[in-house]
Amino acid sequence: MKVLVVGGGGREHALAWKLAQSQKVQQVYVAPGNGGTARDKNLVNVPISDVVQLREWAQANQIGLTVVGPEAPLAAGVVDEFRAHGMRIFGPTKAAAQLESSKAFSKAFMARHAIPTAEFETFTDPVAAHAYVDRKGAPIVVKADGLAAGKGVVVAMTLAEAHEAIDFMLVDNTLGVTHNEGGARVVIEEFLQGEEASFIVLCDGKNVTALATSQDHKRLLDADEGPNTGGMGAYSPAPVVTADVHARAMREVIMPTIRGMEKDGIPYTGFLYAGLMIDAQGKPKTLEFNCRMGDPETQPIMMRLKSDLFDVMMAATSESLDKIELEWDRRVALGVVLAAAGYPLNPRKGDAISGLPADSLEAMVFHAGTTEQDGKVLTSGGRVLCVTALGDSVRQAQQKAYAAVAGVQFDGMQYRKDIGYRAIKH
């Protein structure tokens, strides 16, 4: 069967790489893909991003299964478009994707269905937002209501930072947020203490299967300093998600979300990612929902998945996830993101990348912001590569990943030297 992966980042490279390993898959296409998927002999890039054109191309090329990676095509209704023409696609509908595309929708949904989350208020008026922050004090969290490519959240440690974030999001829109109907809105919520984990599941509308646990590193610099980013590295499994925390997350967050969406007349299919804050007592609270796999969490998770991803996706698109048992490599996978000069605010593009190591099943370089030009690989986005390796322990996976990073070079390359440090502390 021919398979299409929609997207062009590191997450999509990892999904396409894993799908191409299946004996049942004749060809994997990636739309639009990147420099890494262009170089992989098992993958073919398709330079189309428009939803209707993509559906027409998929029909003309007899694509049997489509898997959607990023949030933008989901919010644009790619799943609705494909399904309306009888095509098999894995992802949430436009209505269900509001769990991610609208922070205001998501917080109201959690309040309505008693899903544990931070106390919050939503504002369109900057004056009222500023007054609320003054009343509540810092630290406090300010979130843009709309798609912001993982950058629309400011964890303000001071009142000045909170006021600046409100002006950024409501007045200037410096962050380039795609606003929802009704214009600019912010959600302001209490700051939660604890350790963050990424809890990602597959949903087929009725059944839910949890993927391996993972944890990403949001801050740009070592020791969790510097600005928030889309993620500077990740590892799987995450020791903070104990068996007890896992059971609580399923019982208190995931299942009430799936049942709540069903009750609200918006059945949920696709990947569902709950960003959890786990407190000292092991109680999870929901920071946010994403309607897709995380990036860079996908890369370590796909390295550890032993099951045939094609079989899993076929079950997930035919309401038969309950018949699938996922099998995982017992080793740890750890991925280090190499980011462009100027990331996260003004990433530079067009720098030549050299020293890429050969890929293997033990160590892979997944491409994100790259493009291939005249046989050269150039940077074309903020997060450029995710160098991912397997090891018997976190420390070993870390050593192998950083050994692979050592040869890679491009001007202005920046990366964290401490990915996985929390797991080593556990």
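The values are calculated or read from the model by the stated rules, or taken from the named source; none is laboratory data. From a predicted model like this one, the values you see are computed outputs, not experimental measurements. Cβ placement follows ideal geometry from the backbone for every residue including glycine, while neighbour counts extend to all protein chains displayed. SASA here: full protein model, heavy atoms, side chains in, ligands and nucleic acids out. Shrake-Rupley method; radii C 1.70, N 1.55, O 1.52, S 1.80 Å.
Listed values, structure above:
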{"read-out": "Once the Cα gyration tensor of segment 279-341 is diagonalised, semi-axes √(5λ) in Å", "value": "25, 19, 15"}
{"read-out": "Rough spin-label spacing in nm, given labels placed 7 Å along Cα→Cβ, for Glu121 and Tyr421", "value": "3.6"}
{"read-out": "Hydrodynamic radius of segment 375-426 per Kirkwood, over alpha carbon pairs, in Å", "value": "12.6"}
{"read-out": "Formal net charge of residues neighbouring Ala223 (Cβ-Cβ distance under 14 Å; K, R +1; D, E -1)", "value": "+2"}
{"read-out": "Summed residue charge, Cβ within 15 Å of Val5's Cβ, Lys/Arg positive, Asp/Glu negative", "value": "+2"}
{"read-out": "For segment 179-320, alpha-carbon Rg over 2.2 N^0.38 Å", "value": "1.10"}
{"read-out": "Local net charge near Ala72, Cβ-Cβ under 11 Å (Lys/Arg +1, Asp/Glu -1)", "value": "-1"}
{"read-out": "P(r), alpha carbons of segment 236-338 - 10 Å bins starting at zero, rounded %", "value": "12, 38, 41, 8, 0"}
{"read-out": "Cβ-placed point charges (K, R +1; D, E -1), dipole of the chain about Cα centre in debye, nearest 20", "value": "760"}
{"read-out": "Pairwise Cα inverse-distance average, inverted: Kirkwood Rh of segment 318-411 (Å)", "value": "14.7"}
{"read-out": "Sum of -39500 (n - 2.57) over DSSP H runs of 4+, divided by residues of the chain (222 nm, nearest 500)", "value": "-7500 deg cm²/dmol"}
{"read-out": "More than 40 angstrom apart: percent of Cα pairs within the chain", "value": "11"}
{"read-out": "Ranked packing of 265-272, 230-237, 247-254, 40-47, most packed first, by mean Cβ within 10 Å", "value": "230-237, 265-272, 247-254, 40-47"}
{"read-out": "For the chain, share of DSSP beta bridges that run antiparallel, in % to the nearest 5", "value": "80"}
{"read-out": "Ellipsoid semi-axes in whole angstrom, largest first, where each is sqrt(5λ) of the Cα gyration tensor of segment 1-128", "value": "33, 16, 14"}
{"read-out": "Alpha-carbon centroids, segment 398-424 and segment 56-135: separation in whole Å", "value": "32"}
{"read-out": "With eigenvalues of the C-alpha gyration tensor scaled by 5 and rooted, segment 183-241, Å", "value": "24, 20, 12"}
{"read-out": "Anchor Lys349: lysines whose Cα lies under 21 Å away (excluding residues fewer than 8 positions away in-chain)", "value": "Lys151, Lys376"}
{"read-out": "Carbon and sulfur %, accessible surface of segment 282-332 computed with the full protein complex present, 1.4 Å", "value": "42"}
{"read-out": "28 Å Cα-Cα threshold exceeded, pairs from Lys2/Lys323; Lys136/Lys283; Lys206/Lys306; Lys2/Lys400; Lys103/Lys263; Lys283/Lys425", "value": "Lys2/Lys400"}
{"read-out": "Sequence of Met1, Met302 from largest to smallest accessible area, 1.4 Å probe", "value": "Met1, Met302"}
{"read-out": "If the convex hull is drawn through the Cα atoms of segment 53-134, its volume per residue in Å³", "value": "126"}
{"read-out": "For segment 1-70, Kirkwood radius (reciprocal of mean inverse C-alpha pair distance, Å)", "value": "11.6"}
